[in-house]
Amino acid sequence: MENDKKFMLGKINMILIAIGFVIIVIGFILMSGSATIKEFNPDVFSFRRITVGPMVSLFGFISIIFALLYKPKSKE
């Protein structure tokens, strides 16, 4: 008797989840930066950190949700 374990998610789903995870990491990298307590740094409020980074991360989370719900066409 063969041990036929079948995952709920296929190979395409796993690849899409990995891509979404990479997009989220890129968004967090865009939001990061150096911040010191000793002096005020106006770069903390830059367009990249306030707008672009969160939008990229949100796109990554949405793509992971899509990857979880994606059902490939069956081969019939």
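The values are calculated or read from the model by the stated rules, or taken from the named source; none is laboratory data. Keep in mind the model is a prediction, meaning the values are calculated, not measured. With ideal geometry, Cβ positions are generated from the backbone for all residues, glycine too; neighbour counts draw on all protein chains shown.
Could you grab me the full set of residues in the stretch 66-76 that are loosely packed, with under 12 Cβ neighbours inside 10 Å and of a type in the set (A, V, I, L, M, F, W, C)? Listed by number, the list holds a single entry, LEU69.
Would you confirm, using the coordinates I've provided, whether ILE23 is closer than 30 Å to MET8 by Cα and touching a Ser or Thr at 6+ places or on another chain (Cβ under 8 Å)? For ILE23, the condition - closer than 30 Å to MET8 by Cα and touching a Ser or Thr at 6+ places or on another chain (Cβ under 8 Å) - is met. Taken over the stretch 1-59, the residue count meeting the criterion of being part of a loop (DSSP other than H, G, I, E, B), surrounded by 12 or more Cβ atoms within 10 Å (Cβ to Cβ) and at pLDDT 80 or above is 3. Within the stretch 26-76, restricting attention to residues that are under 24 Å from MET8 (Cβ atoms) and of a type in the set (Gly, Ala, Ser), the residue that is farthest from the chain's Cα centre (by Cα) is SER74.
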